[in-house]
1. Check residue 52: other-chain or 5+ apart residues with amide H under 5 Å from its amide H, H built from backbone geometry?
2. Which order do peptides 26-33, 190-197 fall in by mean Cβ count within 10 Å, highest first?
3. Please give the length that would be gained between residue 250 and residue 356 if that part of the chain were fully extended, namely 0.36 nm times their separation in residues minus their C-alpha to C-alpha distance (nm, one decimal).
4. From the phi of every residue in segment 190-207, what ³J(HN,Hα) in whole Hz does the Karplus formula 6.51 cos²θ - 1.76 cosθ + 1.60 yield, where θ is phi - 60° and glycine or proline is x?
5. Which of the residue pairs 203/284; 135/342; 203/265; 207/300; 193/248 have a Cα-Cα distance greater than 27 Å in the structure shown?
6. With charges only on Cβ, +1 for K and R and -1 for D and E, what is the dipole size of segment 7-111 about its Cα centre, in debye, rounded to 20?
7. Any idea how far apart residue 204 and residue 66 come out in nm if each label point goes 7 Å out from Cα toward Cβ?
8. Using modelled amide H (1.01 Å from N, peptide plane; none on Pro or chain starts), what sits under 5 Å from the amide H of residue 298, excluding residues fewer than 5 places away?
Amino acid sequence: MIPTIQSKSLKGLRKAGTSSGTHVAIIGAGRGGKALIEIFATDPLVKVVCVAEVQKNAPGVELARRLGIPVTRDYRRLLDLERVDLIIDVSGNPKVWELLQDFHRMGVTIIGGASAKFMWELIEARIRATAEIEKTLNKYQSLYRLYVKETGVAVTEERTRIACEMHDGLVQNLAGVNFRLDLSLQLIRKDPKASLATLRESKAQLKLAIQEARQVIFNLRPLHYDKMELFPALTNYLTSYEAQYHIKTQFRVSGDEQILFPRTKIFLFRIVQEALSNVERHAKATRVTVGLDIDPERLKVTIKDNGVGFDMDTVLRDPNKWDHFGIRGILERARLVGGEGKIESKRGRGTTIVVDIPLAKKEMMSHGEN
């Protein structure tokens, strides 16, 4: 129920009108009145002393109540207020405006009709623009927080992955070489032929350890940093991946990578790297295809394997499985370059990952240069 100003309240308002600033009374608490209340509420030089509104569910009534502004159903009571400098009529009622035009009192300004409507439309537009700016700012703040989080998580993940690669591959191969060399020393006098065979095995294993070390180094610096070439980097990575994990790879490209920012290329390489790492760990696939299509407006990456697949509904319901299957890292990296990731998978039918990234005008015009 709308609180109605009684005669005692009106007397209180008459006596209280000694503070500085402009005292405003508003007739109408619809869209226009609400917009005026919102903007005046933040202005220290303006005080809304009363609002008149017949409809108890009007948009500005609840706002006025929250701000402690008296509300009356009879607009004529506003004309009796002793301390009022400005009366604004945004009720849209021709009879109200007709009466106000005949009201004259020293020091009181009346605004209504087309002028009042124009005023509140301007104010409402300003409120909408401010809200849009805040929305955009919040969006970029969220992306920045995501970027900071992603960067920290990515560094930790990268360190963990490299440590595992070195422990499972390079370190074990070097340990094997060391063991065979010790064995060869023991056999060199007792059985020279066996010692020679052990040395050959040591050499082969050392060669494999060198390849492992090169792979670790390559994963740390995936792109050719002098030219930031993406296609050669992905070609080399897929060749190494196929040799290491015995999963046949196919790489299909179209378009010109020179229109891409270096940052986009790096994130794209990491997405492919993350996806292929998941294939090796979970998919039990024998074949994986990477497609890269670049046109002036968009970049599309498609990664498809013929592995065992998984139940997407089950995985999407469990956030922990997002990390287990590497879904979170792929989707977040896509978001950080303004794109969108989509993953499709079914048990026994493999997995397809599609990353779609719109290319900004600045990116297209700069031809890959910051």
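Each reported figure results from applying straightforward, stated rules to the coordinates on display, with no laboratory input. Quick caveat, the model's predicted, so the values are computed rather than measured. Here the Cβ is made from the backbone with ideal geometry for all residues, glycine too, and neighbour counts use every protein chain on show.
1. Result for residue 52 returns 26, 27, 28, 72.
2. Highest to lowest by the protection proxy: 26-33, 190-197.
3. 36.2 nm
4. 6, 8, x, 5, 5, 5, 5, 5, 5, 5, 5, 4, 5, 5, 5, 5, 5, 4
5. Violating the 27 Å limit, Cα to Cα: 203/284; 203/265; 207/300; 193/248.
6. 440
7. 7.6
8. 359
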